[in-house]
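**Q** Take a look at the following structure, please.
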Amino acid sequence: MPFNGKSGKFNASINTVEVGCGEKAIKIGGENVLPFYTFDAPIENAPKIGVMISDLGLENEPAGVKAYYEGCTTIGEIAKKAAEMPGADFVCLKLEGADPNGEDKSIEECMKAVKEVVDAIDVPLVIAGCKNVAKDTELLTKASEVAQGKNVIILSAKEEDYKGVGAAAGLAYGQKVGAESAVDINLAKQLNVLISQLGVAPANIVMNVGTAAVGYGFEYVVSTMDRVKAAALGQNDAQLQMPIITPVADEAWNVKEAMASEEDMPEWGPQEDRGIGMEVSTAASVLASGSNAVILKHPASVATISKMIKELM
Amino acid sequence: MAKFVTIGERLSTTAPAVNKAFTTRDPEPIIQRAKQQLDAGAVYLDVNIGPAENDGPELMKWAVQLLQSEFDNVPLALDTANKAAIEAGISVYNRAKGKPIVNSADAGGRIEYIDLAAANDAIVIALCNAEGIAADNDERMTYCQTMLERGMELGMDPQDMWFDPLFLVIKGMQDKQMQVLEFIKMLSDMELNSTGGLSNNSNGMPKHIRPIMDSAMVAMAMMNGLTSAIVNPNDLRLMETIKSCDVIKNNTLYADSYLEI
Amino acid sequence: MALKGLDIFKMTPKTNCKECGSPTCMAFSMKVAQGAVDISKCPHMSEDALAALSEATAPPMKSIKVGTGEAEYTLGGETVLARHEKTFVSKTRFAVNVTADMDVDAVLAESNKVDYERIGERMHAEMVYVEYTGDAAAYAEAVKKVSGKGKTIILGCKDAEAAKAALEICKAEKPVLNGADASNYAEMVEIAKGAGVVLGVSGASLDELYDTTAAIEKLGYKDLVLDTTGATVKDTFAATVQVRRACLAKNPDRTCGYPSLVNLSKLAAGDEPMQIALASLFVLKYGSIVVMDKMTYAVALPLYGLRQNVFTDPQKPMKVEPGIYPINGGDENSLVLTTVDFALTYFVVSGELERSGVPCNLVISDAGGLSVLTAWAAGKLSSTSVSKFIQENVEPKVKCRKLVIPGKVAVLKGDIEAKLPGWEVIVAPNEAVQLVKFLKDLKANGEI
């Protein structure tokens, strides 16, 4: 008697969201099964990988990242090279230079970077703010305008600024709205409701439900994503059927395991290997928990996660 | 746990406007009432065409097709004493959004409605009642088991049998209310689904009292495991209570705007 | 799992003969489910039905013990598919792969360098997987080298004679004999039974694995581990998930109710980042034992962190030990900062402090493993608890008399100053991410 497993296919499915335009446009979401459960039903759109670049350039990046971008001086060149990274599907431009507590670049200066990146690449683009809510509202509103016609994802609309960012990105300039909550499933749902109530169609919303590096309270991330998918698929909760995009690079490279130098922790071995380990493990884990797209930065991580996705699909 | 299933009761021949629309095959009033109920959050719509002795099959087909084409295959409960009409309705029914519900069987003269549901892979509402009102929960349970055994013998999934404890009117049978609630608990302990005409409890009460009493009743019944009810979805207080109970029971995920969705 | 009346009813003869004393078979079934009547009251239950009923009350997934002494581990025994439903009880265990043609001692020594503590938990590769490569004598030598090293041994060996010889060396350590498949299972069951060890079962496909397991159960052996490693990553994931799901389903399939083993040395040999990615996947999705090429810090730091998170009890917070944690080379003259012992808070705060580059002492007192505001509300983080801890544990060791308290309990400032004469209390920002700037500002103002 052969194995007789019951299929775990659901009657509901995750929304399909198209990002970018032309040949290189990508689709995320659309599945009616748990992550990588292709034995239950085919998954049409494999999870996608984005490469994160910063308007601050490469100065603070690990050697392997610097080496990959060798010869690139402008943000346009960096973006072009990022788009060509083997395994990458899209590029994420992080405008961290805008942070008032950091470089505090002007909006105009940031928009130049956006324009340059938009012109340099033909793969889909994600534009992320500087995490300062006051500045991000204007920054991301302008970015939505500058990238008009490119069907980009704007990361992100939060509880504090969803009205401004959501209306600009989702309504005025026809971009995709990234709704960001911090590992709080009720808020994740509420934000989707609020952004929908602005008039943004569900097919134009993606969620960033928040993450942490593995080892840093990551159980909350797993349970949040597990529960989002359980509600979306099992309870047919339309307010949670938006696909999930997870920026992994910032979290994974900002913990001790990735930041401690080999000098300080000689027994730990090469620092860059540890950073890649943290990035790869966190990415694999959020994908296994339900992310439809991840944003990474190291070429070795992108290659590995891309291979993992291919082998699982 | 699955979300509470509301069955909208407002498409009934007992309402003169609906009766007239059914008789004259006038789609407008039907569509209007259906839309009001769905906008208010009804999951299923009950289609009560009355005894319909003459044109039952043809009328039910007309109603099913009208509603399902207008409202994206809305799932329906087919409610008539004319069995042929129910079969005719099922023959044109689209199951994309849920199986049809046969409304209803009992343990007496209408037990064959279970056979009808089994033969057509439908859900059946099974009234725990035969002739007259059951004296106590032992009697209700006997009826329940009789129907359950019949359904299972015919290959039905017990989950497709929604047992109706028969809500009793408070003005007249106030002392029996807890008994009905206890019976719902018994059904729930057996992991059986349940439903019923909830508003019967407030029959005869002043209009402004009924939503309050119905809300209290649904909250207590959901606490005891009621999984569905036949209700007026345009009773805002009642629907808000159901949504709140669904949150408390962890049937739906809370969000600040949960009442608006 | 409690049986429901309806499940029992399905197995009754449904004749309503009343010989059991109940009016109907349904009524009888309900009483049995409630425990009011014994199933044996029905004289017409078939043997099969009785056997099925007794099995139905057993746990759906077996707990299997492997190894001895300190290296004894429990695998399996899970009751849920998602950690938020209850708790995952048996952690994924990691094994390092060796073969006879390697320098076994060197491989072990290298992997043994990774052995550290993280929030009260020892982190190291707990097991060694010894893969048979065709030379029985060399295999026995390799097994001798791993034996007695405090690691649970897994013998990856389908050759009966070689397995017997290996077990002679190490059976007292309760290894796993991962060697049964469709072709040899009868013989392997005898060997495992004889040595009293857990038997690993594999198959060319999920169907074959399932059939072989069922056949082994028929032989009466149920101390099993299922090697769900397939030809591809995709097959392996499918088998691992489906086996777990089937045994924890509403109607459990107990033939699937065993721990799993996933061999990444077969699926991604030599590719360390890929092994990290796949091991992460299998920590989350139902791998009981994961076999790796080797254990390095680049592998261990993410995987053990992930495992510690995922297998934590949702009801019990993770706590760090109270004490003084010097950061960035902090010494007796460095600034003192304090927060609660909730592991997540500790990690976030210590991470930000490290980023600031400012030498300091992070003081953790016992706050019941709660976050700052929760601990304060519960009375576990109070001016008394903080000042007492500082007086008893910090004053003897640290000369600096500046104490930074979390912004969320700014209200404690006055009381702490009153209870700690000579100390200046400084209120930190509300969020840890603001700490870097906060410390920089303190420095710029000449406060530290």
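Taken together, the values in this text are just the output of simple stated rules run on the coordinates, not laboratory data. Note that the structure is a prediction, hence the values are computed from the model and not measured. When we count neighbours, we look across all protein chains shown, and the Cβ atoms used for this are built from the backbone with ideal geometry, even at glycine.
**Q** Could you list which residues have their amide H under 5 Å from that of A:Lys48, counting only those 5 or more apart in sequence or on another chain, with H placed in the peptide plane?
**A** Those lying under 5 Å, H to H, from A:Lys48 are A:Ala293, A:Val294.
**Q** Ranking A:Thr16, C:Thr255, C:Thr99, C:Thr339 by Cβ neighbours within 10 Å, fewest first, what do you get? Mind showing how you got there, number by number?
**A** Working: A:Thr16 15, C:Thr255 23, C:Thr99 19, C:Thr339 27.
Fewest to most other Cβ atoms nearby, the residues stand as A:Thr16, C:Thr99, C:Thr255, C:Thr339.
**Q** A further question follows. With a 10 Å cut-off between alpha carbons and a GNM built on chain C, which of C:Asp181, C:Asp227, C:Asp103 moves the most?
**A** In this elastic network of chain C, the residue with the biggest mean-square fluctuation among C:Asp181, C:Asp227, C:Asp103 is C:Asp103.
**Q** If you take each beta carbon of peptide A:185-197 and count the beta carbons of other chains within 10 angstrom, what is the mean? Present the calculation step by step, with values, prior to reporting the outcome.
**A** Numbers: counts 4, 6, 2, 2, 8, 7, 3, 3, 6, 4, 0, 2, 3.
Mean partner-chain Cβ count within 10 Å for A:185-197: 4.
**Q** Identify which of B:Pro57, B:Pro27, B:Pro206 has the largest mean-square fluctuation in a Gaussian network model of chain B, with springs joining Cα atoms closer than 10 Å.
**A** B:Pro206
**Q** Based on the alpha-carbon set only, what is the convex hull volume of segment B:5-260 divided per residue, in Å³? Intermediate results must be reported in sequence, preceding the final value.
**A** Working: hull volume 32.3 nm³, N = 256.
Normalising the Cα hull of segment B:5-260 by residue number yields 126 Å³.
**Q** How long are the semi-axes of the equivalent ellipsoid of segment C:5-47, defined as square roots of 5 times the Cα gyration tensor eigenvalues? Whole Å, largest first.
**A** That gives 13, 11, 10 Å for the three semi-axes.
**Q** Could you give me D for segment C:122-169, from Stokes-Einstein at 10 °C and 1.306 mPa s, where the hydrodynamic radius is the Kirkwood radius over C-alpha pairs? Units µm² s⁻¹, please. Intermediate results must be reported in sequence, preceding the final value.
**A** On the way: Rh = 11.0 Å.
D, rounded to a whole number, is 145 µm²/s.
**Q** Mind checking the full-extension length gain between C:Asp366 and C:Val80? Use 0.36 nm per residue of separation minus the Cα-Cα distance, one decimal, nm.
**A** Numbers: separation 286, 0.36 × 286 = 102.96 nm, distance 3.21 nm.
Length gained, C:Asp366 through C:Val80: 99.7 nm.
**Q** In addition: With just the Cα atoms defining each centre, how far is segment C:57-109 from segment C:313-346? Give it in Å.
**A** That distance is 30 Å.
**Q** How much net charge surrounds C:Ala125 when only the other residues with a Cβ under 10 Å from the Cβ of C:Ala125 are counted, with Lys and Arg +1 and Asp and Glu -1?
**A** +1
**Q** Quick one: if you take sqrt(5λ) for each eigenvalue of the C-alpha gyration tensor of segment C:227-372, what semi-axes come out, biggest first, whole angstrom? Intermediate results must be reported in sequence, preceding the final value.
**A** Values: eigenvalues 319, 83, 17 Å².
Value: 40, 20, 9 Å, ordered largest first.
**Q** Could you please tell me the mean projected area of the C-alpha convex hull for segment A:146-200, averaged over all directions and given in square nanometres to one decimal?
**A** On the way: hull surface 13.5 nm².
Here the figure is 3.4 nm², rounded to one decimal.
**Q** Report for segment C:63-310 the percent antiparallel among DSSP-assigned beta bridges with both residues inside it, nearest 5.
**A** Working: 7 of 36 bridges.
Taking every DSSP beta bridge with both residues in segment C:63-310, the antiparallel ones total about 20 percent.
**Q** Now for a different question. I need the P(r) histogram for segment A:1-137: all alpha carbon pairs, bin width 5 Å from 0 out to the longest distance, whole percents.
**A** For segment A:1-137, the pair-distance distribution reads 2, 9, 16, 16, 14, 13, 10, 8, 6, 3, 2, 1, 1, 0.
**Q** Given that compact globular proteins tend to follow 2.2 N^0.38 Å, what is the ratio of the alpha-carbon Rg of segment C:169-260 to that value?
**A** This ratio for segment C:169-260 stands at 1.05.
**Q** Hey, what's the Kirkwood Rh for segment C:226-281 if you take every pair of different alpha carbons, in angstrom?
**A** Working: mean 1/r = 0.0843 Å⁻¹.
Mean inverse Cα-Cα distance, inverted, gives 11.9 Å.
**Q** If you don't mind, another one. Amide H to amide H, which residues 5 or more places from C:Ala428 or on other chains are under 5 Å from it, using H placed in the peptide plane?
**A** C:Ile405, C:Gly407
**Q** So what is log10(I(q)/I(0)) for segment C:323-444 at q = 0.15, 0.16, 0.21 1/Å, when the Debye sum runs over its Cα atoms only?
**A** Log10 I(q)/I(0), no solvent term: -0.59, -0.68, -1.27.
**Q** Using DSSP, restrict attention to beta bridges with both residues in the protein assembly as shown and report what percent are antiparallel, rounded to the nearest 5.
**A** On the way: 18 of 114 bridges.
Among the beta bridges of the protein assembly as shown, antiparallel pairing accounts for roughly 15 percent.
**Q** Now a separate question. Which aspartates and glutamates have a Cα lying under 19 Å from the Cα of C:Lys399, excluding residues fewer than 8 positions away in the same chain?
**A** C:Asp331, C:Glu332, C:Glu417, C:Glu424, C:Glu447
**Q** Can you pull the percent of Cα pairs in the protein assembly as shown with separation above 58 Å?
**A** That tail contains 21 percent of the Cα-Cα pairs.
**Q** Still on this model: From Cα coordinates alone, what are the radius of gyration and Dmax values for chain A in angstrom?
**A** According to the Cα coordinates of chain A, Rg and Dmax are 18.8, 69 Å.
**Q** For segment B:103-210, just the Cα atoms, rotate onto the principal axes and tell me the three extents in Å, largest first.
**A** 44, 26, 25
**Q** Mind listing the Cα extents of segment C:371-443 along all three principal axes, in Å, largest one first?
**A** In descending order, the Cα extents are 31, 30, 19 Å.
**Q** In chain B, which whole DSSP H runs stretch at least 15 Å along their own axis (Cα) and average -0.5 or higher on the Kyte-Doolittle scale? Working shown, then result.
**A** Values: long enough: B:27-39 (18 Å, -1.12); B:56-70 (21 Å, -0.15); B:137-153 (23 Å, -1.24); B:177-189 (18 Å, 0.32); B:210-223 (19 Å, 0.94); B:236-248 (18 Å, 0.64).
Passing helices, by number: B:56-70, B:177-189, B:210-223, B:236-248.
**Q** In square nanometres, what is one fourth of the surface area of the convex hull spanned by the alpha carbons of segment C:288-334? Don't jump to the answer; show the numbers that get you there.
**A** Numbers: hull surface 22.7 nm².
If you wrap the Cα atoms of segment C:288-334 in a convex hull and average its projections, you get 5.7 nm².
**Q** Still on this structure, please answer the following. Loop only per DSSP, at most 13 neighbouring Cβ atoms within 10 Å: give me the trypsin sites (Lys or Arg not before Pro) in segment C:224-294, ordered by residue number. Walk me through the intermediate numbers first.
**A** Details: sites: C:Lys234, C:Arg244, C:Arg245, C:Lys250, C:Arg254, C:Lys266, C:Lys285, C:Lys294; in loops: C:Lys250, C:Lys285, C:Lys294.
Passing both the DSSP loop test and the Cβ count: C:Lys250.
**Q** What's the local net charge at C:Leu370, with K and R +1, D and E -1, over the other residues with C-beta under 14 Å away? Please list the in-between numbers first.
**A** Details: positive: C:Lys316, C:Lys319, C:Lys380, C:Lys408; negative: C:Asp341, C:Asp366.
That sum, taken over residues with Cβ under 14 Å, equals +2.
**Q** Per the Kirkwood treatment, what hydrodynamic radius in Å, one decimal, follows for segment A:45-91 from the mean inverse distance over all distinct Cα pairs? Please list the in-between numbers first.
**A** On the way: mean 1/r = 0.0898 Å⁻¹.
Kirkwood hydrodynamic radius for segment A:45-91: 11.1 Å.
**Q** To continue, here is another question. For segment C:63-310, divide the Cα radius of gyration by the Kirkwood radius and give the resulting Rg/Rh value with two decimals.
**A** 0.93
**Q** Report, please, the projected area of segment C:1-134 averaged over directions, based on the convex hull of its C-alpha atoms, in nm². Numbers along the way, then the final one.
**A** Working: hull surface 55.0 nm².
For segment C:1-134, averaging the hull's shadow over all directions gives 13.8 nm².
**Q** Find out how many positive minus negative residues lie around C:Ala182, taking Lys and Arg as positive, Asp and Glu as negative, among other residues whose Cβ is under 9 Å from that of C:Ala182.
**A** Details: positive: none; negative: C:Asp181, C:Glu208, C:Asp211.
Within the 9 Å Cβ shell, the charges total -3.
**Q** So, one more: Label-point separation (nm) for C:Thr374 and C:Leu219, each offset 7 Å from Cα along Cα-to-Cβ?
**A** Going by the 7 Å Cα→Cβ label model, 5.0 nm.
**Q** Add -39500 (n - 2.57) for each DSSP H run of 4 or more in chain C, then divide by its residues: what number comes out at 222 nm, to the nearest 500 deg cm²/dmol? Mind showing how you got there, number by number?
**A** Numbers: 17 runs with 172 residues, N = 448.
Helix contribution divided over all residues of chain C: -11500 deg cm²/dmol.
**Q** While we're on this one: Please identify, among C:Glu131, C:Glu424, C:Glu19, the residue showing maximal mean-square fluctuation in a Gaussian network model of chain C using a 10 angstrom Cα cutoff.
**A** C:Glu19
**Q** Could you give the spread of the C-alpha atoms of segment A:158-313 along their three principal axes, from largest to smallest, in whole angstroms?
**A** Largest to smallest, the principal-axis extents are 54, 32, 26 Å.
**Q** Taking the square root of 5 times each eigenvalue of the Cα gyration tensor, what semi-axes in Å does the equivalent ellipsoid of chain C have, largest first?
**A** Sorted largest first and rounded, they come to 51, 33, 17 Å.
**Q** Using the Kirkwood radius over Cα pairs, work out the Stokes-Einstein diffusion coefficient for segment C:48-102 at 10 °C and 1.306 mPa s, in µm²/s as a whole number. Each step should come with its number before you reach the end.
**A** Working: Rh = 14.3 Å.
Approximately 111 µm²/s, per Stokes-Einstein.
**Q** Under 20 Å from a point 7 Å along the Cα-to-Cβ line of C:Gln391: which residues of segment C:410-447 have their amide N that close?
**A** Under cut-off, by backbone N: C:412-426.
**Q** For q values of 0.13, 0.21 Å⁻¹, compute log₁₀ I(q)/I(0) with the Debye formula on a Cα-only model of segment C:111-220, without solvent.
**A** -0.53, -1.05
**Q** What percent of all Cα-Cα pairs in segment A:75-200 falls into each 10 Å bin, going from 0 up to the bin containing the maximum distance?
**A** Going from the shortest bin to the longest, the percentages are 14, 44, 33, 9, 0.
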